[in-house]
Amino acid sequence: MLNQFSRTELLIGKNGIEKLQKSKVAIFGIGGVGSFVIEGLVRAGIGNFILVDDDKVCLTNLNRQIIATRNTVGKYKVDVAKERILDINSNANVETYQEFFMPDSKEILDNTVDYIVDSVDTVTAKIELVVRANKLNIPIISCMGTGNKLDPTKFEVTDIYKTSVCPLAKVMRKELRNRGIKKLKVVYSKEEPIIPDETENNSCKTGCICPPDTKRKCTIRNQVPGSISFVPSVAGLIIAGEVIKDIIKK
């Protein structure tokens, strides 16, 4: 009998579909990357989700976030994403946490989680997610910078210590090395960041660990990075693909 996953089953088999339906994936950050991660996962058959984000959909999200429409502006992203998941697969289970994840956040993860996706912006939060994932022995994939980029063909999947070019990856390598973290699967771009037009708001985001007197342009700073529809979306779908393939291999 045909069902919504019939064509996917032709590729990964009935056993693969069953693995995905039983799996739980936690997605931290539901923006240009995270929203497309969710899209790829739910359409592939992931049955259980944890969604973490404190933000609301705003007008500037319309250029790149699949959950952003004129009808969803002003609504919390976790609520919009949950509704979209259930519209696609009414049998899915979705937990939502409307919060800005940081080191002092309550424990969201446990051994029922099969995979963690880090698509948050701040270094402090990214590091904390990796540390918690390592302690719980949960696979994690982390997205590096997608802002100020125009070439979606430059994305690669590799270990954090094999990355280059990306300023965020450079900071992550240093911080993870200091914490004794020996590996981290990441998606990153080899494209040199485009220098955006200057804005008045150039203070660091919460969690940025750049020296306060740094003179260089910091892509972690809240300059409001430039973005476009076809770059973070590609990174998100690459991540979804990696999660799906890793779960099927188990």
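Quick notes
- Condition met for residue 111 (more than 17 Å from residue 144 (Cα to Cα), more than 16 Å from the chain's Cα centre (by Cα), surrounded by fewer than 16 Cβ atoms within 10 Å (Cβ to Cβ) and in contact (Cβ under 8 Å) with a residue 40 or more places away in the chain): no
- Of all residues in segment 173-190 being buried (at least 16 other Cβ atoms within 10 Å of the Cβ) and in contact with a Cys (Cβ under 9 Å, 6 or more places away or on another chain), the one that is nearest to residue 136 (Cα to Cα): 186
- The set of residues in segment 144-169 that are in contact with a Leu (Cβ under 7 Å, 6 or more places away or on another chain) and of a type in the set (Asp, Glu) contains only 159.
- Matching option when the condition is more than 15 Å from residue 27 (Cα to Cα) and at pLDDT below 95, among 87, 104: 104
- Candidates 81, 92, 68 - the one that is more than 17 Å from the chain's Cα centre (by Cα), under 19 Å from residue 237 (Cβ atoms) and free of Cβ contacts under 8 Å to residues at least 60 places away in the same chain: 92
- Residue satisfying all of: in segment 46-62; among the polar types (S, T, N, Q) and part of a helix (DSSP H, G or I); farthest from residue 108 (Cα to Cα) among these: 60
- Checked against (1) crowded, with 24+ Cβ neighbours inside 10 Å; (2) in contact with a Ser or Thr (Cβ under 6 Å, 6 or more places away or on another chain); (3) outside any loop (DSSP other than H, G, I, E, B); (4) of a type outside the set (Asp, Glu), residue 82 passes all but a single condition, namely (1).
- Within segment 27-41, not a single residue is surrounded by fewer than 18 Cβ atoms within 10 Å (Cβ to Cβ), touching a residue at least 12 places away in the same chain (Cβ under 8 Å) and in a helix (DSSP H, G or I).
- Taking the listed residues 94, 73, the one that is among the hydrophobic types (A, V, I, L, M, F, W, C) and part of a loop (DSSP other than H, G, I, E, B) is 73, with no other qualifying.
- Only one of the numbered conditions (1) in contact with a strand residue (DSSP E or B) (Cβ under 8 Å, 6 or more places away or on another chain); (2) small (Gly, Ala, Ser); (3) surrounded by 20 or more Cβ atoms within 10 Å (Cβ to Cβ) is not met by residue 44, and that is (1).
- Qualifying residue in segment 210-227 (condition: part of a loop (DSSP other than H, G, I, E, B), at pLDDT 95 or above, polar (S, T, N, Q) and under 26 Å from residue 26 (Cα atoms)): yes
- Screening the candidates 56, 22 for the property of being surrounded by fewer than 24 Cβ atoms within 10 Å (Cβ to Cβ), touching a Lys or Arg at 6+ places or on another chain (Cβ under 7 Å), modelled with pLDDT of 95 or more and not hydroxyl-bearing (Ser, Thr, Tyr) yields one hit, 56.
The values are calculated or read from the model by the stated rules, or taken from the named source; none is laboratory data. Because the structure is predicted, anything quoted here is derived from the model rather than measured. For neighbour counting, all protein chains shown are included, and Cβ atoms are generated from backbone atoms with ideal geometry for every residue, glycine included.
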